[in-house]
1. Can A99 be described as under 18 Å from the mean Cα position of the chain (by Cα) and of a type in the set (A, V, I, L, M, F, W, C)?
2. Would you be able to say whether some residue in segment 104-112 is in contact with a strand residue (DSSP E or B) (Cβ under 8 Å, 6 or more places away or on another chain), of a type in the set (S, T, N, Q) and surrounded by fewer than 16 Cβ atoms within 10 Å (Cβ to Cβ)?
3. Taking into account only those residues within segment 219-236 that are outside any helix (DSSP H, G or I) and in contact (Cβ under 8 Å) with a residue 24 or more places away in the chain, which is most open to solvent (accessible area, probe 1.4 Å)?
4. Can you tell me which of I67, I50, I37 is modelled with pLDDT under 95, touching a helix residue (DSSP H, G or I) at 6+ places or on another chain (Cβ under 9 Å) and under 15 Å from L284 (Cβ atoms)?
5. With the requirement that a residue be in contact with a strand residue (DSSP E or B) (Cβ under 8 Å, 6 or more places away or on another chain), open to solvent by less than 40 Å² (accessible area, probe 1.4 Å) and either within 18 Å of T155 (Cα to Cα) or hydrophobic (A, V, I, L, M, F, W, C) (or both), what does segment 169-188 give you?
6. With the requirement that a residue be surrounded by fewer than 18 Cβ atoms within 10 Å (Cβ to Cβ) and either over 22 Å from the mean Cα position of the chain (by Cα) or of a type outside the set (S, T, N, Q) (or both), what does segment 237-252 give you?
7. Among the residues in segment 169-181, are any among the charged types (D, E, K, R) and touching a residue at least 40 places away in the same chain (Cβ under 8 Å)?
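The values are calculated or read from the model by the stated rules, or taken from the named source; none is laboratory data. Keep in mind the model is a prediction, meaning the values are calculated, not measured. Cβ: placed from backbone, ideal geometry, glycine included. Neighbour counts: every protein chain shown. When the accessible area is computed, the model is the full protein with side chains, heavy atoms only, and any ligands, DNA or RNA have been set aside. Shrake-Rupley method; radii C 1.70, N 1.55, O 1.52, S 1.80 Å.
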Amino acid sequence: MKRRVAGILEMDAMKLPRRQFLHLAAGAVALPALSCIAWAQAYPSRPVRIIVGFPGGSASDTTARLIGQSLSERLGQPFVVENRPGAASNIAAEAVVRAPPDGYTLLLVTSVNAINAKLYESSLSFDLIHDIAPVARLARGPGVMEVNPMFPAKTVPEFIAYAKANPGKINMATAGSGSMLHVYGELFKMMAGVDMVPVPYRGAPPAVTDLLGGRVQVVFDTFAASIEFVRAGKLRALAVTTATRSPALPDVPSLNDFLPGYDASTWLGIGAPKNTPPDLVEKLNKEINAVLADPSMEARIANFGYTAFASSSAEFGKFIAEDIQKWAKVVKFAGIRPD
């Protein structure tokens, strides 16, 4: 195409006055940019897939469906969630990395992907930072440090004092090695200087079941999975894991109040294959941010303990890089290996 345009310009240069020739040359140079803008304006012209690395019915899956439904209404084409669970969301991420960079295959990027960047570093066939283009953040929510109501510690300082007086005698249930429940607890161990024993389970529900039964002493659970147990008084929330308190549990302090700098959250966003046209990424970012600004969407997201977390695509990319660095330090400190 470039060679053909150059040939036309050479012939026309001999026939046209200089001013006309310069106008023609400028128009030819602008053609690729104009065509990219037109493509972004026409997008989407067919259904868009949002690949989710978790089973249907999870808080992440449901949030992706809510966002997809609103995007469908705004843009006139279906945004369809496709669940590809397995390998801690790595299967879903790899599917998007290999997809054409045309905006029709998107990834629900989560805090799990940031943890995996270091945890599975030697076995991943892709690099999250370089192979996934950040599009937009969606939401974030706290984890909850919780104990059985019969546990003697009623506050975080009391828990730390108990753990230091009983090193290695507190069992910390996790959803498996390298899960969010695990790394939240390891970050706490690292910052509080305490020794707790990680006990892996096949997911959060059995971990919480054993906490309810008193067979383990503490769980750093996701907010959505625990809030009803806390509200019912079946579990005692000692703190939330974000830097500030959660509106859903306003009387529960933040771990940051006792361990300055502690900040761990579950977050969700949208990514696309690298080399997706910037104009298309910008269009998606604008539309997603408009969806998140709708009060009704904010209320529906709040049902899962999340808050809307809008940003530019550049801000989202910076956020992902910082989260990867944070969890890389925790994974190294704890010597975590994938199951």
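1. No, not satisfied.
2. No - not one qualifying residue is present in segment 104-112.
3. K234
4. The unique qualifying residue is I37.
5. I170, M172, A173, A175, M180, L181, Y184, G185, F188
6. A243, R245, P247, P250, D251, listed by residue number.
7. No.
To keep it simple, each residue is scored yes or no on (1) touching a helix residue (DSSP H, G or I) at 6+ places or on another chain (Cβ under 7 Å); (2) open to solvent by less than 40 Å² (accessible area, probe 1.4 Å).
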residue	(1), (2)
G269	yes, yes
P273	yes, yes
P295	no, no
E315	no, no
F333	yes, no
